[in-house]
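Structure record follows, encoded as structure tokens.
The values are calculated or read from the model by the stated rules, or taken from the named source; none is laboratory data. All of these numbers come straight from a predicted model, not from anything done at the bench. Cβ atoms come from the backbone with ideal geometry, glycine included; neighbour counts cover every protein chain shown. Each accessible area value is taken on the protein alone, full model and side chains, heavy atoms only, with ligands, DNA and RNA left out. Shrake-Rupley method; radii C 1.70, N 1.55, O 1.52, S 1.80 Å.
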Amino acid sequence: MDVVRGLLCLFSVLVSEMFMVAAFSQSMDSDFTFTLPSGRKECFFQTMKKDASLEIEYQVLDGADLDVDFSLSSPTGHVLYSDHRKSDGVHTVETEDGDYMFCFDNSFSAVSEKIIFFELIMDNMEQEGEEPEDWKEYIHGTDMLDMKLEDIMDTINSVKARLGKSLQIQTLLKAFEARDRNIQESNYNRVNMWSMTNMLVMVLVTGVQVYLIRSLFDDKRHTRT
């Protein structure tokens, strides 16, 4: 009984270590937020390999009309996707070896700069010759354990995938929240400006009316004594 408990403890420790290594392995997802000045175009490059997948999602967080031009080009220079004055977009492409270029164009705006958020999601980017580490070689005496190690590992991988998806969704929700907050602040400033303008007009009209009414009762005749 003590031997079984010892093996169970050893197994738990090994599985925990493997889960930690898997959870903190290098992520193939990345996101970036930058400011695109008016009348400017910014391009970025991402190196991809054959038979991989590249997904690009972008949002305009702040700036007049919340729009920008977007284009995605293959390593050969062929334009794969092109958006005209959109506030957000999602594009996925099956890749080949080479550098993919994606550009954000704000040249149509002469005054307003844009704050842009984009996220890259890359799948099947493992280097050739790299084999996943076989965790089973670290487990000994599995014939004494009444459990299915494959099912446990599948569960761990499922949890890892769900955690990664949750992190991606939270990042996108933060981007949406930032854009909505910028819109609300812009509307708040506009409401305050028009309220002050209306107040000044009302004060001016009131003053003019008081002056005109008083002028009607002024006796402009001169009395001779």
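Got a sec? What order do 44, 104 fall in by accessible area at 1.4 Å, biggest, i.e. largest, first?
Values: 44 50, 104 0 Å².
I get 44, 104, largest accessible area first.
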Nearest-10 value in Å² for the accessible area of residue 109, using the 1.4 Å probe
20 Å²
Tell me the volume per residue, in Å³, of the convex hull enclosing the alpha carbons of region 25-127.
85 Å³
Here, residue 94 and residue 191, labelled 7 Å along Cα→Cβ, have an inter-label distance in nm of 5.1 nm
Whole-percent carbon and sulfur contribution to the accessible surface of region 71-114 (1.4 Å, no ligands, DNA or RNA) stands at 48 percent
Distance (nanometres) between label positions extended 7 Å along Cα→Cβ at residue 184 and residue 108
2.9 nm
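Cross-link list 50/174; 114/160; 50/114; 50/160; 41/165; 49/114: which exceed 28 angstrom alpha carbon to alpha carbon? Don't skip to the answer; put the middle values down first.
Values: 50/174 32 Å; 114/160 35 Å; 50/114 33 Å; 50/160 25 Å; 41/165 31 Å; 49/114 31 Å.
The pairs that break the limit, which is 28 Å between Cα atoms, are 50/174; 114/160; 50/114; 41/165; 49/114.
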